[in-house]
Structure formats: C-alpha cells, structure tokens
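Peer 1: Got a structure here, written out as structure tokens. Questions coming.
The values are calculated or read from the model by the stated rules, or taken from the named source; none is laboratory data. Note that this is a predicted model, so its numbers are computed, not measured. Here Cβ is always computed from backbone atoms with ideal geometry, including for glycine, and neighbour counts include all displayed protein chains.
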Amino acid sequence: MTAEIPKCLLDIEGRTVVEWQIDHLLENGINDITVVVGYGALRVESLLARRYGPGRIRTLYNPFFDVADNLATVWMARKEMDGDFLLLNGDTLFEPAVLGRLLESPVKPITLARDHKSRYDSDDMKVYLDGNRLLRIGKDLEPGSVDGESIGILLFREQGSKLFRDAVEQAMHQPVALKQWYLSVIDQLASGGHVWSQSIHGLQWGELDYPVDLDKALKMAAGWLATEEGGIQAI
C-alpha cells in the first residue's frame, strides 16, 4: 500500500490521513500547521497546496527520513517550538473531540494523550502513571503494571516547549540519536516531573501500522462523514 506513497497519503473514505488530521486540527481552531515531510515529500506538498491553498500549510523537509527514526524528524522542526504547540504522529487518526479533550486539560508543561485497554502487546507505546503524572513511557515496559498507552499526540505549553526543544537538541548530540524515538526524550523529561497525561478513553482514534488498522480507520471515517452530513450510522 505504501510502495509508492507515504502512509499519510493513504485514502480513508475519500480523504488522505494527513487531510483528516489537518481538518480536525482546523475544526479545533489550530490554524498554524507545519508538516514535516520526507518520503514522497513532493506528493505530500502537492496535495497540501491543492487542498488548502499554496502556503497555507507549511512543510519542512527531513533529508534523514530514510536513515533516522522520528527523534531526528522532531529535531528538524525544533525552530517551530517557540510557543505552545501540539505534536502529532503522521499515522494517527482521531476524531475532533480527542483534540478538544487534550486542549481543555489542566495546564501542565507537557501533556500526553492516553488511552487504556485490557491487554497490551509489544508494539504498544505503554505508560506508567502516578495519577495523571507520567512516570515512564516505552514499548518495553512490563505489561502487567501498565496504566495505558500513548496515542501519538502531545501538547506542550509554557515552559514545556523549551524543555522539550532543549532536550531534543541534547539528545541529537548522542551517537544513538538517529535510531531513537522522540518519546525517549519524553521518558527522560517524565523523570523530572514535567510530563502529565490526559485520558481520551471512549473517543475514537487509531494508529495505522497493519491492514487491520486500515479496516478500523475506514469504519471510523465513515462515521465521521455521516456526522458531517447530519446522518445516522449504525456500526
């Protein structure tokens, strides 16, 4: 499915993944949007200009996309982190209310959107919590004591923006940086008491990693379209 196009351009009920994300950001009043592009960059930029108008959505090109993980992707966007901002993974679909709940959460330096379920697997980005405060985050946490999972959306406010930007800069000086996730920096900041979480349980979201995830995404998007059109859908 992604042999010739990036995952964010997969068609989900007539809109690409990135269009769904941007539309739901705009619906929540987020108008200042930057997309970090790499694989298939020209195709992504062409779509954004065609759908939203030239220059409406800024893009940053990450030349390391084929040799580095997403810590380097975030580092490319570090100059955008000069105020409150949201950070979203490019393969996460979510209904607008997810952003609404996160934006209405108590003001903390860094707030991570989380969900929970009865079982977790090795690919879930699991979290340990003390109440709503994040203690640890990682895929290798012991499942038996996990309190939830990250959905790939974080909110940075006040001093949290600088804390994260400085920590990313420091991490990129390490030899292992090109193979690290940016959530390794969040794990580090959590130990200093800077990271909190907001439950979005009960709201619709999904990460696109496997064909079964795409089936779920198609059903979610069909429901969103029915809501936009004022219809009723039975699932």
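Peer 1: Can you tell which of THR73, THR92, THR2 is of a type in the set (Val, Ile, Thr) and without any contact (Cβ under 8 Å) to a residue 24 or more places away in the chain?
Peer 2: Numbers: THR73 fails: without any contact (Cβ under 8 Å) to a residue 24 or more places away in the chain; THR92 fails: without any contact (Cβ under 8 Å) to a residue 24 or more places away in the chain.
That would be THR2, the only listed residue that is of a type in the set (Val, Ile, Thr) and without any contact (Cβ under 8 Å) to a residue 24 or more places away in the chain.
Peer 1: Those residues that are among the charged types (D, E, K, R) and in a helix (DSSP H, G or I), I need them from the range 208-226; list them, please. First the steps, then the outcome.
Peer 2: From the range 208-226, those among the charged types (D, E, K, R) are 209, 213, 215-216, 219; that's our starting set.
ASP213, ASP215, LYS216, LYS219 - these are the residues of the range 208-226 that are among the charged types (D, E, K, R) and in a helix (DSSP H, G or I).
Peer 1: Which condition does PRO143 not pass, out of (1) crowded, with 18+ Cβ neighbours inside 10 Å; (2) over 20 Å from the mean Cα position of the chain (by Cα), if it passes all the others?
Peer 2: All conditions pass for PRO143, except number (1).
Peer 1: Can you name the strands (runs of 3 or more DSSP E) wholly within the range 121-207 that have at least 2 residues being free of Cβ contacts under 8 Å to residues at least 24 places away in the same chain?
Peer 2: Numbers: elements: 126-130, 133-138, 148-156, 195-199, 205-207.
In the range 121-207, the matching strands (runs of 3 or more DSSP E) lie at 126-130.
Peer 1: Inside the range 48-62, can you point out the residues that are among the small types (Gly, Ala, Ser) and either under 13 Å from LEU9 (Cβ atoms) or not in a helix (DSSP H, G or I) (or both)?
Peer 2: Within the range 48-62, the first condition is being among the small types (Gly, Ala, Ser), and the residues that meet it are 49, 53, 55.
GLY53, GLY55 - these are the residues of the range 48-62 that are among the small types (Gly, Ala, Ser) and either under 13 Å from LEU9 (Cβ atoms) or not in a helix (DSSP H, G or I) (or both).
Peer 1: Being outside any strand (DSSP E or B), touching a Ser or Thr at 6+ places or on another chain (Cβ under 7 Å), of a type in the set (D, E, K, R) and more than 16 Å from GLY152 (Cβ to Cβ) is the requirement here; does GLU45 meet it?
Peer 2: So GLU45 fits the description; yes.
Peer 1: For the range 138-181, how many residues meet the condition of being touching a helix residue (DSSP H, G or I) at 6+ places or on another chain (Cβ under 7 Å) and farther than 12 Å from LEU112 by Cβ?
Peer 2: Residues flagged as touching a helix residue (DSSP H, G or I) at 6+ places or on another chain (Cβ under 7 Å) and farther than 12 Å from LEU112 by Cβ within the range 138-181 amount to 12.
Peer 1: Among the residues in the range 180-198, are any surrounded by fewer than 17 Cβ atoms within 10 Å (Cβ to Cβ) and charged (D, E, K, R)?
Peer 2: no
Peer 1: Another one. How many of the residues in the range 55-69 are surrounded by fewer than 18 Cβ atoms within 10 Å (Cβ to Cβ) and either basic (Lys, Arg) or modelled with pLDDT under 95 (or both)? Before you say what the answer is, go through the steps one by one.
Peer 2: At the first step, the residues of the range 55-69 found to be surrounded by fewer than 18 Cβ atoms within 10 Å (Cβ to Cβ) are 55-56, 58-61, 63-64, 66-67, 69.
When the remaining residues are screened for being either basic (Lys, Arg) or modelled with pLDDT under 95 (or both), the result is 55-56, 58, 63-64, 66-67, 69.
The number of residues fulfilling the criteria is 8.
Peer 1: For the range 11-24, enumerate the residues that are crowded, with 19+ Cβ neighbours inside 10 Å and not in a strand (DSSP E or B).
Peer 2: Correct list: VAL17, VAL18, TRP20, GLN21, ILE22, HIS24.
Peer 1: Inspect the range 144-167 for any residue being more than 24 Å from ARG101 (Cβ to Cβ), hydrophobic (A, V, I, L, M, F, W, C) and at pLDDT below 95 and give the result as yes or no.
Peer 2: Step one: list which residues in the range 144-167 are more than 24 Å from ARG101 (Cβ to Cβ), which gives 144-145, 162, 165-167.
Cutting the leftovers down to hydrophobic (A, V, I, L, M, F, W, C) gives us 167.
Those still in the list that are at pLDDT below 95 too: none.
Taking every residue of the range 144-167 in turn, none turns out to be more than 24 Å from ARG101 (Cβ to Cβ), hydrophobic (A, V, I, L, M, F, W, C) and at pLDDT below 95.
Peer 1: Also, I was wondering about something else. Somewhere in the range 88-108, is a residue of a type in the set (A, V, I, L, M), outside any helix (DSSP H, G or I) and within 26 Å of MET220 (Cβ to Cβ)? Working first, answer last.
Peer 2: First pass over the range 88-108, keeping only residues of a type in the set (A, V, I, L, M): 88, 93, 97-99, 102-103, 107.
Going one step further and asking which of them are outside any helix (DSSP H, G or I), we end up with 88, 93, 107.
Next, from what is left, pick out any that are within 26 Å of MET220 (Cβ to Cβ): 88, 93.
Scanning the range 88-108 turns up at least one residue that is of a type in the set (A, V, I, L, M), outside any helix (DSSP H, G or I) and within 26 Å of MET220 (Cβ to Cβ).
Peer 1: Among the residues in the range 31-51, are any among the small types (Gly, Ala, Ser), touching a Phe, Trp or Tyr at 6+ places or on another chain (Cβ under 9 Å) and free of Cβ contacts under 8 Å to residues at least 60 places away in the same chain?
Peer 2: Looking only at the range 31-51, we keep the residues that are among the small types (Gly, Ala, Ser), and these are 38, 40-41, 46, 49.
Retained after the next criterion (residues that are touching a Phe, Trp or Tyr at 6+ places or on another chain (Cβ under 9 Å)): 38, 41.
Next, only the ones that are free of Cβ contacts under 8 Å to residues at least 60 places away in the same chain stay: 38, 41.
Checking the range 31-51: at least one residue is among the small types (Gly, Ala, Ser), touching a Phe, Trp or Tyr at 6+ places or on another chain (Cβ under 9 Å) and free of Cβ contacts under 8 Å to residues at least 60 places away in the same chain.
Peer 1: Go through (1) under 15 Å from the mean Cα position of the chain (by Cα); (2) at pLDDT 95 or above one by one and return the number of the condition HIS201 breaks.
Peer 2: (1)
Peer 1: For the range 10-28, check the following and say yes or no: at least one residue is over 25 Å from LYS219 (Cβ atoms) and either free of Cβ contacts under 8 Å to residues at least 40 places away in the same chain or under 17 Å from the mean Cα position of the chain (by Cα) (or both). So that I can check it myself, show each step before the final result.
Peer 2: Residues of the range 10-28 over 25 Å from LYS219 (Cβ atoms): none.
No, that holds for no residue.
Peer 1: Something else: Test GLY40 against the criterion of being at positive phi and out of contact with any helix residue (DSSP H, G or I) (no Cβ under 7 Å at 6 or more places or on another chain), and give yes or no. If you could, list the steps in order and put the result at the bottom.
Peer 2: On the way: at positive phi: yes; out of contact with any helix residue (DSSP H, G or I) (no Cβ under 7 Å at 6 or more places or on another chain): no.
Answer is no for this residue.
Peer 1: May I pose another question? Check the range 41-50 and report whether any residue there is crowded, with 16+ Cβ neighbours inside 10 Å, closer than 20 Å to GLU207 by Cα and not small (Gly, Ala, Ser).
Peer 2: Within the range 41-50, one or more residues are crowded, with 16+ Cβ neighbours inside 10 Å, closer than 20 Å to GLU207 by Cα and not small (Gly, Ala, Ser).
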